[in-house]
């Protein structure tokens, strides 16, 4: 499928705010997260009720569509690292047209796969569900260590990295995750996502706004400069504030840009550089 | 059998300021309208499978769904 929506939906908050994004997805994922809202696509190959629904796309047409919108191409909804040749082809054609390619990924990649794909990617949002190996394996089927290593490796390549964490009530150790991210870099934007009871975790309750607010506080206490909650905490939860003077530099509506006050990536009030690809 | 079609966007019927009033996520909101093509049922819920079951029991031939990401 190919959908068009703002880059904030992936979510990216520090990569070209408001950019229209042509999003592609093919069935399949290297994880089997018990709460996956997209399981009808992501769990193709595991679940009988996840049929093959893909159809071929012309990468040249996709790049042309993104170029006409002044936008980028995103591979999201399922796991893009399953088809690196698609990313490489989009990036090759996109380079000529001035169209970036970005990923929403589970980050479960080998170093060789990252070395292959990172030069083709302008930005990656990686889901970090847990930093506890037992918990991560239980909920995703895979190890956490490669995901943490991928966050570091993509950054080393110069790819812009943001991280998302679904906050599962009484399960997610937000404090420890924030500490691990802060050890990599306090510049990494951290998106706290409200848990949706779905798929094989229908018995849980959704995350409360107060739990999301508490986790955001833990993120800031760990030193992370940019912590976001998209909807549950209102506009304040999705506003980028200058880490030096607290001036609101980027304001957002739900899943879209409202106002970008940055001047060449700097706070208009105090002049400090706000990390991102603006 | 109900089939699913993934779409770019659907209107929200539940707003974030309602989250606190429904901590167990049991709220379901349905909007039914008559269109030129028949009857359209728009739904929103904290628990997607609850909404899918409701629409399935109404014999919906196709359910449109948004994806995460």
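Structure data summary
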quantity	calculated
Qualifying position, being within 14 Å of chain B (Cβ to nearest Cβ) and either within 18 Å of the chain's Cα centre (by Cα) or within 25 Å of residue A:118 (Cβ to Cβ) (or both), among A:177, A:148, A:168	A:168
Residue check, residue A:190 within 16 Å of the chain's Cα centre (by Cα) and surrounded by fewer than 22 Cβ atoms within 10 Å (Cβ to Cβ)	no
Failed criterion for residue A:75 (all others in (1) under 11 Å from residue A:23 (Cα atoms); (2) touching a helix residue (DSSP H, G or I) at 6+ places or on another chain (Cβ under 6 Å) hold)	(2)
Condition check for residue A:269: more than 18 Å from the chain's Cα centre (by Cα) and farther than 28 Å from residue B:19 by Cα	yes
Which listed residue is modelled with pLDDT of 95 or more and at positive phi, from B:25, B:43, B:69, B:38	B:25
Residue match in region B:4-11 (condition: exposed (fewer than 13 other Cβ atoms within 10 Å of the Cβ), touching a residue at least 60 places away in the same chain (Cβ under 8 Å) and farther than 30 Å from residue A:213 by Cα)	yes
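One line per residue, one yes/no per condition, for (1) at pLDDT 95 or above; (2) surrounded by fewer than 22 Cβ atoms within 10 Å (Cβ to Cβ); (3) touching a helix residue (DSSP H, G or I) at 6+ places or on another chain (Cβ under 9 Å):
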residue: A:97; (1), (2), (3): yes, yes, yes
residue: A:105; (1), (2), (3): yes, no, yes
residue: A:112; (1), (2), (3): yes, yes, no
residue: A:115; (1), (2), (3): yes, yes, yes
residue: A:123; (1), (2), (3): yes, no, yes
residue: A:143; (1), (2), (3): yes, yes, yes
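The values are calculated or read from the model by the stated rules, or taken from the named source; none is laboratory data. Computed from a predicted structure; not experimentally measured. Don't worry about glycine lacking a Cβ; one is built from the backbone with ideal geometry, like all the others, and counts go over all protein chains shown.
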